[in-house]
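See below for the structure under consideration.
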Amino acid sequence: MRHGGKKKTVVQTFIEEHTHPLATPSRVHLLRSHRGVSDTKIKLVKKFSNVNIPLYQQFELLETQAGGHESVGFIERDLRNFERDEREKIKGRDAEMLYEYFKSEEDKDSDFFFKFETDNNNRMTRCFWVDSVARKAYTHFGDVVVFDTTYNTNRYAMIFSPLVGVNHHGQTTIFGCGFLSNETFDSFVWLLETWLEAMKIAPTVIITDQDQAMTKAH
């Protein structure tokens, strides 16, 4: 219907039993039509994830920032669904993305060093990396190095293998990091040889746990 050049909608029939109670203001944020993870929130959530903040704590931080859960713009389940979808996007490309990240760091940092190995199915079996900050720290504090593999990643059971020391403030400092698919003698030899290839100078002492393969390797 037009009136004065403007479109208007006219309700001709209203059947009350076909309706349902309207959502109260305190529950409007629960309606699917009123929810959505904005680009700004996505960027913030990714930053939270990068520093390993658990999802439930991410949502608590968003609630605090927004002034209450009803002002966030979505519910915790939406956040979980978003992170699930993000994981699906990179599924099967994790190693490729890690390699691309290493290459980008190499372009930015002339002292960045990394080595990457894959199996016959192009799956990552081991890798090592060290940046200019770790290299510099090693020249000052690398007389004693601690090498341990007590940290495992959950998703792929890759073994995180940091090489660390202690600086003049008594703080732990990193001299390089690696991921290994197993804790065999060959893997440890590869990691230590690759690390020495990067650092050029061997330390005076390497402290390890009591793993026989690790002890034999160094």
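What follows is calculated from the coordinates using simple rules that are stated; it is not laboratory data. A quick note: this is a predicted structure, and the numbers were derived from the prediction, not measured. Every residue, glycine as well, gets a Cβ built from its backbone with ideal geometry; the counts of neighbours run over all protein chains shown.
The table below lists the values:
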| read-out | value |
| --- | --- |
| Mean Cβ neighbour count within 10 Å, used as a protection proxy, ranking 69-79, 128-138 highest first | 128-138, 69-79 |
| Three-way shape call for region 94-217 based on the alpha-carbon gyration tensor, with the a/c threshold at 1.5 | oblate |
| Neighbour-count ranking [beta-carbon atoms within 10 angstrom, fewest first] of SER181, SER187, SER49 | SER49, SER181, SER187 |
| Distance (nanometres) between label positions extended 7 Å along Cα→Cβ at ASN167 and ASN120 | 4.6 |
| Stretch gain in nm, segment LEU44-PHE82, where the contour uses 0.36 nm per residue and the Cα spacing is subtracted | 12.4 nm |
| Distance in nm between pseudo-label sites at ILE53 and GLU16 (7 Å out along the Cβ direction from Cα) | 4.9 |
| Magnitude of the charge dipole, region 40-81, Cβ model with Lys/Arg +1 and Asp/Glu -1, debye to 20 | 280 |
| Sorted by Cβ neighbour density within 10 Å, fewest at the top, the residues ASP148, ASP85 | ASP85, ASP148 |
